[in-house]
Amino acid sequence: RSNENQFFIFNQTNKKINQNHCNKTELDQLLNHEAYKNINFTFQQTNNNNNNNNKLEKYKIAYIILTHDLDTAIPLIILLNEIYNTNNRYLIHIDMKADNCVVELINEKINAYNRSNIKIIQKYSLDWGTWNLAYGQLKILEDSFIFFNQSDCHILINGNSFPLVPRHELEARLFKLIELQANVVTKDAIPPMNYFNSEQHRKKRIAPSYCLDNNCTKLKFTPQNKIVYFGRQYTILTKSFVTWLFTNSRGVKSTLNWSNFFFSIEQYHLLYPQLGLTYVDETFFATLLMNSPYKSSIIQLPV
């Protein structure tokens, strides 16, 4: 992945670690992986920049971190050690398809510290570019809202992410987003998908939906003929927007309607494999936001 929210770098590798069920010797080798050398894992709060101290008491950040395999589990442990703060909250989701080694590794390296602000769950099977990834992320976000309902923002990232700045600076930037009541979906502008005017592109992503006018201000088959928007699956979402999604009657209805739409679109694509993936994970949250009362809260990074 490219740097999707400009706070983290996503460094995905083509190298695949053996995913077979591991024995004790193999697990010991993983626990002594070279990536951990010279790292003191404590998962304890470190000294903060003085300018952040007051805000640390005032604001709470919920990190939602997805791990799918050993390629994301090993960096996740390093990531968590870098961003850990006792004032914040951390929800780690392990893919249902993950090898048993992933679960054992995370239990050994993270659960053993018994930190009350770290929760580890394993609920959903997440497949890149599909509806079950978008749906799983939505449900994991709901879990974060339930577990950490006092959090001022929820940030969704992948396990093989690494902060581009020191933790105190990362937190300072996130505090600024909280103060601005800003939602972050993508580093780019979020234009309507008006390329559906083209027959070629119309079939490419969310067929059979298409523009109903030359400016693509309405789409066929979408809820209330509203527009689909393109963003990123990694997001920073405010408490107010997340609360609206899961507790406001209009928000709940909007989420359900768009969920049904994207699910139906994927079923259509499954009937016609030549259409390719729907990439729902890169449209879902952007579409929810841009068709909500929080449309004006989306900002572009850096701030």
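Every number in this text was worked out from the coordinates using simple rules, so none of it is lab data. As the structure is a prediction and not an experimental result, all values here were calculated from the model. Glycine gets a Cβ as well: all are built from the backbone with ideal geometry, and neighbour counts include every protein chain shown.
Structure above, values below:
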{"read-out": "Cβ-Cβ FRET estimate between Ile120 and Gln224, R0 fixed at 41 Å, reported to 0.05", "value": "0.60"}
{"read-out": "Net charge contributed by nearby residues that have their C-beta within less than 12 Å of Asn149 (K/R +1, D/E -1)", "value": "0"}
{"read-out": "Distance (nanometres) between label positions extended 7 Å along Cα→Cβ at Leu164 and Ser296", "value": "2.8"}
{"read-out": "Two-site FRET efficiency, Asn87 against Gln274, from Cβ-Cβ distance with R₀ of 41 Å, rounded to 0.05", "value": "0.20"}
{"read-out": "Theoretical FRET efficiency, 1/(1+(r/R0)^6), r = Cβ-Cβ of Lys97 and Lys58, R0 41 Å, to 0.05", "value": "0.55"}
{"read-out": "Difference of contour (0.36 nm per residue) and Cα-Cα distance, Val252 to Asn107", "value": "48.7 nm"}
